[in-house]
Amino acid sequence: MKKSFTIAVFEGDGIGPEIMAPTLDILELLQNDTSKYRLNFKKVPAGANEYLKSGRALPDKSLEIAKSSDAILLAAMGLPNIRYEDGTEISPQIDLRKELVLFAGVRPVRVMTAAHSPLKIPQDKVIDFVLIRESTEGLFFTQGKGEVEANEARETLRITRNISEKLFNFAFKLAKTRKTLNQGKGDVICVDKANMFRAFAFFREIFEKEAKNHSDITASSAYVDLMALWMVQKPWELDVLVTENMFGDILSELGAGLMGGLGVAPSADIGLDNAVFQPCHGTAPDIEGKDLANPIAMISSAAMMLEWLGLKFGNQYLCEDAAKLQNSIDIIMHDKNNLTQDLGGSATTSQTVAAIQHSLTSQIKP
């Protein structure tokens, strides 16, 4: 059983550093018994401010450290007023996905308290599903490199068999894990637009072929516009959704809305060898330095990291601590006094963090 792990830490821009610092403090708090595991944090520079400083948004050394780490924890990167010369956004997190082939973008949609969801959720229903977004190709393939002429512009949608097979295999394995843990019913839906685009018909064909290798999991397909409707009308019936990059980008925002906003939406981008864990939200420069940022999505992403490391390396203590941390977040979500303004509360970042730490401490006392 592996016990020592190197974690590459990207603090990023805007509110990034101020939500990363307390997250690392909480992870240190969990390591009260170093005989069970040890996380060794290695901070690495990247982002818009790094671009201003060095001319590189993702320095080679930072990429090298990320590649060799056991996991990557990332806050948020990019600023609206700092861009590349062609006017496109600085987004090293997308560069990381492509460089490390992090094909599976995992976006959990889990409503912790119905009071924060815009939906009227029946008392006997629970919203707990996972959207898996392919994160390296699709309509993002030519990001920043599309063709623009005087009267027209073109981007390329690229779907490959190699990546799609890996993506669908990941989706079915996740569904099996969720079913085993009583978190899901063992159901995977391929979300596409196969009725209109040959590329998506190709995507669906690969999905249906992979489904034959997982006969214990129910497999079906749905068009993306219909899925958007289902996510609003009957999200409690969903388990695992898997889709193309752009569709996943859009639907994950809808999923965050069901949960109460981006401030509580964690995420992971996972490949065969590496994984990045980060909140779904951006750098929010308008509240930078004001102690107003919601830290929950960042801390939930860290909980996802602990679980992933525990499952990958067979360390049950990491999985147990991931559950304790997520439970602590669930507990504080029921009290408005613990929540930041985006969730209708008046707490500062520091106060929300303190509430999570207090709840967590009560669970880890010997």
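For this structure, a couple of remarks:
- Directionally averaged shadow of segment 106-263, computed from the convex hull of its alpha-carbon atoms, nm²: 10.6 nm²
- A straight chain from S346 to I364 at 0.36 nm per residue would run longer than the Cα-Cα distance by 3.7 nm.
- Set of lysines with alpha-carbon distance to K125 below 18 Å, sequence-local pairs under 8 removed: K179, K185, K234
- Extension gain, D291 to Y84, is 71.6 nm, computed as 0.36 nm per intervening residue step minus the present C-alpha separation.
- Under 21 Å from the Cα of K290 - lysines, other chains or at least 8 residues apart: K336
- P(r) weight above 39 Å for the chain, C-alpha pairs, percent: 12 percent
- The calculated FRET efficiency for the pair R198 and K173, based on their C-beta separation and a Förster distance of 35 Å, comes to about 0.80.
- Projecting the Cα positions of L339, T218, Q143 onto the charge dipole of the chain (unit charges on Cβ atoms of Lys, Arg, Asp and Glu, taken about the Cα centre) puts T218 furthest along the positive direction.
- Using only Cα coordinates, the Kirkwood hydrodynamic radius of segment 1-81 works out to 13.5 Å.
- Peptides 72-83, 190-201 ranked from most to least packed give 72-83, 190-201, packing being the mean of other C-beta atoms within 10 angstrom over each peptide's residues.
- Here each label is just a point 7 Å from Cα along the line to Cβ, and for L226 and S35 those points are 5.6 nm apart.
- Most to least packed among 150-163, 343-356, 96-109 [average Cβ atoms within 10 Å]: 96-109, 343-356, 150-163
- Of all DSSP beta bridges confined to the chain, the antiparallel ones make up roughly 45%.
- When the C-alpha to C-alpha distance is required to be over 23 Å, the pairs from K42/K173; K98/K145; K36/K312 that qualify are K42/K173.
- Estimated inter-spin distance, A153 and L119, nm [label 7 Å along Cα→Cβ]: 3.4 nm
- When peptides 320-327, 265-272 are sorted by average Cβ neighbour count within 10 Å, with the highest value leading, the order is 265-272, 320-327.
Only the coordinates and a few stated rules stand behind these numbers; no lab work does. Keep in mind that this is a model prediction, so the values were computed, not measured. Glycine also receives a Cβ, built like all others from the backbone with ideal geometry; neighbour counts cover every protein chain displayed.
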